[in-house]
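Some notes on the structure that comes next.
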Amino acid sequence: SPHSNIAAPFLSLESSAGSVSSLLSSGFIIPFSLKTGVILKMKRVTRRSSIGVQKNLNKTGNNFSTRFSLPSFVKRVEKLSEQQRNAIKETGFGNLLLMPNQMLIKNLLFELMERWSCEARAFLLLPGKGGITITLLDVAVILGLRVVGEPVVLGEDEPFSELEREYGAVLWKRKISIASIEERLDSLGEIANEDFIRNFLLFTIGTLLFPNASGKVDSRYLSFLKNLDGVCSFAWGSAVLEDMITWLNRRKEMNIQYMGGCLIFLQLWSYEHIDIARPSLVDCCSTFPRACQWENNRSHHKQWFSVKFKELQDHQIIWKLQLTSAELEVDIIKELLKAQNDKEELLRPQVCSSSCSIVSIVEVESNTDMEISNEVDEIQEVILEPLTILQPEVQRDALDYPSTSCMPELHKENMEPAPQTQDSRSNFDTGNEDDLRTRNRILEEQIMELKKDIDKLSCENISLKGKLMSSPLSEEQDVELKKEVERLRRENRLLSWSTENLVRRLEKHLLNEDIDGTEAISV
């Protein structure tokens with residue numbers, strides 16, 4: 001057969017010149033021994049250009065390749081001793097140990113990935129309707145990983161560590177093979193020391209959470225595993241989500257056949273949100289995470305999935321997962337919900353009436369909000385009460401300076417003495433009056449500058465809100481945004497204190513003016 005390897009240990013080149021010429025013209029390669037002059041093997045070669053291969057994949061490539069291997073992870077978990085399991089639970093990866101073996105339904109995943117939109121960062125399942133995206137809540141309830149915490153980011157400038165060298169990585173190739181990690185785990189047996197924890201977490205990262213095309217683990221992950229007590233402080237679930245989205249975008253934009261990322265999560269996400277090839281539930285109430293709730297499923301041919309996705313209706317889609325009472329008591333879920341509530345506070349529009357001259361520009365935490373609110377109330381009392389006593393006929397709206405047009409009239413009214421007799425007015429110290437007018441004008445200008453600063457901070461606040469609304473934030477961006485919010489909050493407080501100081505000085509001058517006027521009348 002021309003497609004099988006042919007061993008011809010006794011066939012010489014001289015006696016088979018015609019046959020060799022015929023085979024070469026048919027596209028065969030004839031490897032032979034230079035020492036003995038004997039043909040060793042013959043193999044037909046098909047040459048294709050890179051363009052031809054790409055076109056062929058576009059036309060018939062209805063599947064993808066991956067190194068994701070849930071069975072190898074589950075088999076490794078089955079070998080763990082009780083002491084080793086407890087050690088892994090301390091790192092925050094304990095819920096992954098509960099994951100049962102599931103068959104990867106590649107035809108389902110292919111149809112789902114075909115509907116991914118890089119621009120919307122969502123799956124467009126229904127024509128004319130918005131897409132459905134993958135959220136941090138999905139990761140938390142399905143995999144049981146923490147999604148709030150320190151970001152997991154592999155920095156290009158991460159210095160090469162001695163720990164990486166111990167694992168066989170080199171500066172110019174910072175990779176660790178899965179095979180070498182498995183050998184380390186086998187040699188450790190049932191020992192549950194730091195070396196075991198670090199190796200098992202690397203194995204989990206390379207086979208389950210962040211598998212790639214090379215079959216190796218990036219040695220820079222060791223920087224997050226150096227201090228094992230701090231492993232649980234990182235948002236590993238958030239990193240899984242970002243990695244999954246990166247692979248979906250790469251497949252769509254670059255048309256690659258290989259697919260990395262935690263594909264079993266994507267499959268379970270489909271079970272949760274889309275009623276296509278959804279298996280039966282093992283236990284829909286008491287099991288956490290939800291990866292443990294689904295029975296194993298059998299695959300269907302590609303055409304079956306293609307038809308089902310084309311016929312998909314709105315009632316077959318669960319746009320947002322509903323949490324059970326048991327899930328609401330899980331720490332990582334409560335932590336996520338609290339973080340989301342804090343972000344909603346940031347996005348909540350601020351309502352300001354004309355009777356409020358100083359407002360809290362941004363809200364960070366509920367306790368901080370209350371402190372700022374109390375400070376604003378105290379400042380308003382300082383502003384309003386003394387001036388109301390001095391000038392009862394002036395409305396509170398005017399004191400809040402809603403516009404620049406009302407301010408000169410206010411100060412003019414405050415500074416002009418009450419109607420008096422001609423003799424009394426002649427005794428009034430005009431020099432002191434001019435001095436007060438000058439001081440009040442300076443205070444007025446300073447207040448206006450503060451008002452401009454507050455308006456500027458308000459614009460920055462609106463800009464931040466727009467950024468939050470326009471696109472989801474990564475964990476790193478969220479940390480930076482909170483720092484910016486804290487800076488704005490401090491500036492707002494300083495402006496409030498400055499305004500309070502200026503207003504007190506203003507009322508002091510007004511009070512002195514009133515006293516001087518009274519003394520002049522008495523004289």
**Study point:** Cross-link pairs Lys129/Lys308; Lys75/Lys175; Lys79/Lys216; Lys216/Lys252; Lys338/Lys456 - those with Cα-Cα distance over 20 Å
**Key:** Lys75/Lys175; Lys79/Lys216; Lys216/Lys252; Lys338/Lys456
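With a ≥ b ≥ c taken as the square roots of the eigenvalues of the C-alpha gyration tensor of the stretch 230-346, please select rounded if a/c is under 1.5 and otherwise prolate if a/b is larger than b/c or oblate if it is not?
oblate
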Exercise for review: Please give the length that would be gained between Glu480 and His300 if that part of the chain were fully extended, namely 0.36 nm times their separation in residues minus their C-alpha to C-alpha distance (nm, one decimal).
Suggested key: 60.2 nm
Practice item. Beta carbons within 10 angstrom, averaged per residue: use that to sort the peptides 201-207, 65-71, 170-176, 311-317, highest first. Key: 201-207, 65-71, 170-176, 311-317
Exercise for review: Give me the accessible area per residue for the stretch 70-340, probe 1.4 Å, as a whole number in Å².
Suggested key: 45
Exercise for review: Take every Cα-Cα pair in the stretch 70-340 and report what % of them are more than 25 Å apart.
Suggested key: 47
Check your understanding: Each label point is 7 Å from the Cα along the Cα-to-Cβ direction; what then is the distance between the points at Asp331 and Leu281, in nm?
Key -> 2.7
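So what are the stretch 101-231's ellipsoid semi-axes, whole angstrom, largest first, if each one is the square root of 5 times an eigenvalue of the alpha-carbon gyration tensor? Can you show the working numbers first?
Values: eigenvalues 220, 60, 51 Å².
Listed largest to smallest, the semi-axes of the stretch 101-231 are 33, 17, 16 Å.
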Check your understanding: Residue separation times 0.36 nm, minus the C-alpha to C-alpha distance between Leu171 and Lys79: what's the value?
Key -> 29.8 nm
**Study point:** Restricting the stretch 244-342 to trypsin sites (Lys or Arg not before Pro) in coil, as DSSP defines it, with at most 14 other Cβ within 10 Å
**Key:** Arg298, Lys320
Study note, to complete from the structure: Rounded to the nearest 0.05, FRET efficiency between Asp229 and Leu188 (Cβ-Cβ, R0 25 Å) equals 0.80
**Study point:** Highest average packing first - 133-146, 228-241, Cβ atoms within 10 Å
**Key:** 133-146, 228-241
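The values are calculated or read from the model by the stated rules, or taken from the named source; none is laboratory data. Since the structure is predicted, the reported quantities are computational estimates derived from the model, not experimental observations. Here Cβ is always computed from backbone atoms with ideal geometry, including for glycine, and neighbour counts include all displayed protein chains. All accessible areas refer to the heavy atoms of the entire protein, side chains included, with ligands and DNA or RNA removed. Shrake-Rupley method; radii C 1.70, N 1.55, O 1.52, S 1.80 Å.
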